Each structure stands twice: as C-alpha cells, then as structure tokens.
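Participant: Okay, here's the structure, questions in a sec.
The values are calculated or read from the model by the stated rules, or taken from the named source; none is laboratory data. A quick note: this is a predicted structure, and the numbers were derived from the prediction, not measured. Virtual Cβ from ideal backbone geometry, glycine too; neighbours counted across all protein chains shown. Heads up: the accessible areas ignore ligands, DNA and RNA and are worked out on the full protein's heavy atoms, side chains in. Shrake-Rupley method; radii C 1.70, N 1.55, O 1.52, S 1.80 Å.
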Amino acid sequence: MTDKTKRIRKRLFKIFIVLVIIGIVGICAAFGISEFVKSSVSDRLITPEAAAELSDIDCIIVLGCRVNGETPSPMLSDRLTRGVELYDMNAAPKLLMSGDHGRVSYDEVNAMKQFAIDRGVPSEDVFMDHAGFSTYETMYRAKEVFAAKRVIIVTQKYHLYRAVYIAEQLGLEAYGVDSDLQSYIKQPYYNAREILARDKDFVKVIFKPKPTYLGEVIPISGSGDLTNDKEFM
C-alpha cells in the first residue's frame with residue numbers, strides 16, 4: 001500500500017467519524033426536542049371528566065384525519081366520538097371540526113360535521129374549518145379566524161402533545177383530551193413519524209408563518225352554519 005493510498009484512507013476514515021458524530025448529534029437533538037415538547041405540555045393533557053369541570057371554554061377542536069368518501073376512518077371516528085362526548089358533558093358550547101377540504105373531491109370537515117349532527121348535536125353548534133390542512137394551521141386559524149381563546153383539543157395521545165404545544169405557543173389556552181378508544185395497526189409508524197413532526201413544529205412556532213388561508217373572522221361564539229359549504233377562507 002502506497003503512502004498516498006494510506007493518506008486517502010485516513011482522510012476517508014476521519015470523514016466517516018465526523019459524519020457519524022453529526023448523525024448521533026442530530027438524532028439526540030431530534031429526540032431531545034420531541035421530549036421537550038411532550039414534557040412541557042404533559043400537565044395540559046386531562047381526562048374527559050376534568051375537561052367537563054373547566055369553565056369558559058370556547059370550543060372543542062376535533063382534528064381531522066382520513067375519510068373514505070363520506071365515512072370517517074377508525075382514527076377519525078374515535079376523535080369525533082370523544083368530541084361529541086365532551087360536548088354532551090357540557091365541556092364547551094361549540095365544536096370546531098378542522099380538516100382538509102382543499103379540493104372538491106376530498107372533504108373531511110363535512111363528514112365530521114355530519115357525524116356530530118347524526119348524534120344529536122345542533123348544526124349551529126358545529127363549526128367547520130375547511131382549511132385545517134395541518135395541526136399548525138388549525139391552531140393558527142382557531143385563534144385568528146374563529147376568535148377562540150380557551151380550547152379543548154381532541155386527537156390521539158401521540159398527536160395531542162404537539163397539538164397542545166402549538167396552540168399554547170400561538171397564544172391559545174389549550175387543554176387536550178385523548179381519543180385512544182382502540183388500538184391502531186400502524187401505531188409504531190405514527191409514533192416514529194411524530195418525533196420529526198414535533199421537531200418541525202417546534203421550529204415553526206418560533207417563526208409563526210401565516211397559514212395557507214386566513215380570511216374574515218367568524219367568531220366561534222356565533223352560529224356554525226356560517227361555515228356551511230361556501231367560500232369563506
């Protein structure tokens with residue numbers, strides 16, 4: 001082996017060691033931020049019974065998830081079931097269904113509202129946020145478009161930490177109630193993906209970019225029918 005070859009191998013080894021160190025630091029940072037987000041809002045995750053004891057809550061925010069046509073997926077169905085349960089317990093006078101309705105062919109929020117209406121919730125008490133394209137955008141719009149101040153957020157527990165953290169960082173007083181009413185086949189995947197999602201939104205709330213759409217204010221204290229199937233974003 002020539003001296004030149006030895007020097008090249010030595011340099012490549014040093015580069016490899018640096019890359020390994022960078023990778024380890026990156027992984028530690030990713031997990032560290034994720035755990036910080038969880039720990040900073042853990043006391044805001046409460047039971048349905050505790051939620052019902054809160055006062056002056058403006059609305060229950062149910063976060064959207066996949067629908068199959070007009071049928072909520074199992075995960076979304078559980079979120080909706082919990083949201084309606086909290087409404088029936090008088091935890092808040094209004095429901096805010098926030099999800100993706102960015103195109104005619106895909107509509108989460110009308111399916112979500114219909115779910116609540118079918119279970120006895122008056123239409124005027126169910127608001128739809130047609131532009132809740134992400135957890136961040138949902139919380140931003142809840143405050144700026146729907147003029148909410150104190151909210152209860154409903155989603156699965158793995159997602160709830162991030163949702164409550166974002167809400168708090170955007171100026172909402174937020175509490176979270178989980179909707180884990182069953183086991184989910186892809187839960188390990190969701191847990192792993194959520195680590196990166198927490199990291200992303202940790203940075204996002206520092207800069208607070210505007211959501212895709214804002215628009216006129218539709219106070220959550222009014223009628224949810226103002227959000228029925230029209231351009232309002």
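Participant: What single numbered condition from (1) in contact with a Lys or Arg (Cβ under 9 Å, 6 or more places away or on another chain); (2) open to solvent by 20 Å² or more (accessible area, probe 1.4 Å); (3) over 21 Å from residue 222 (Cα atoms); (4) touching a residue at least 60 places away in the same chain (Cβ under 8 Å) fails to hold for residue 82?
Facilitator: Checking residue 82 against (1) in contact with a Lys or Arg (Cβ under 9 Å, 6 or more places away or on another chain); (2) open to solvent by 20 Å² or more (accessible area, probe 1.4 Å); (3) over 21 Å from residue 222 (Cα atoms); (4) touching a residue at least 60 places away in the same chain (Cβ under 8 Å), the one that fails is (1).
Participant: Among the listed residues 79, 44, identify the single one that is modelled with pLDDT of 95 or more, closer than 15 Å to residue 157 by Cβ and touching a Cys at 6+ places or on another chain (Cβ under 8 Å). Spell out the reasoning first.
Facilitator: Details: 44 fails: touching a Cys at 6+ places or on another chain (Cβ under 8 Å).
After applying the criteria, what remains is 79.
Participant: Tell me whether the stretch 108-124 contains one or more residues that are open to solvent by less than 60 Å² (accessible area, probe 1.4 Å), over 17 Å from the mean Cα position of the chain (by Cα), under 20 Å from residue 219 (Cα atoms) and among the polar types (S, T, N, Q).
Facilitator: yes
Participant: Can you confirm whether residue 33 is surrounded by 10 or more Cβ atoms within 10 Å (Cβ to Cβ), without any contact (Cβ under 8 Å) to a residue 12 or more places away in the chain, more than 30 Å from residue 221 (Cα to Cα) and of a type outside the set (Lys, Arg)?
Facilitator: Working: surrounded by 10 or more Cβ atoms within 10 Å (Cβ to Cβ): yes; without any contact (Cβ under 8 Å) to a residue 12 or more places away in the chain: no; more than 30 Å from residue 221 (Cα to Cα): yes; of a type outside the set (Lys, Arg): yes.
No; evaluated as a whole, the condition is false for this residue.
Participant: Looking at (1) surrounded by 19 or more Cβ atoms within 10 Å (Cβ to Cβ); (2) at pLDDT 95 or above; (3) under 18 Å from the mean Cα position of the chain (by Cα), which is the one condition that is false for residue 101?
Facilitator: Of everything listed in (1) surrounded by 19 or more Cβ atoms within 10 Å (Cβ to Cβ); (2) at pLDDT 95 or above; (3) under 18 Å from the mean Cα position of the chain (by Cα), residue 101 misses just condition (2).
Participant: Is it the case that residue 175 is under 24 Å from residue 46 (Cα atoms), modelled with pLDDT of 95 or more, in contact with a strand residue (DSSP E or B) (Cβ under 7 Å, 6 or more places away or on another chain) and open to solvent by less than 90 Å² (accessible area, probe 1.4 Å)?
Facilitator: Taking the combined requirement at face value, the residue satisfies it.
Participant: Out of the residues in the stretch 178-190 meeting the condition of being surrounded by 12 or more Cβ atoms within 10 Å (Cβ to Cβ) and over 14 Å from residue 63 (Cα atoms), tell me which one is nearest to the chain's Cα centre (by Cα).
Facilitator: Step one: of the stretch 178-190, the residues surrounded by 12 or more Cβ atoms within 10 Å (Cβ to Cβ) are 178-181, 184, 187, 190.
Okay, now just the ones that are also over 14 Å from residue 63 (Cα atoms), so 181, 184, 187, 190.
Numbers: 181: 18, 184: 17, 187: 16, 190: 13 Å.
Looking at residues that are surrounded by 12 or more Cβ atoms within 10 Å (Cβ to Cβ) and over 14 Å from residue 63 (Cα atoms), I get 190.
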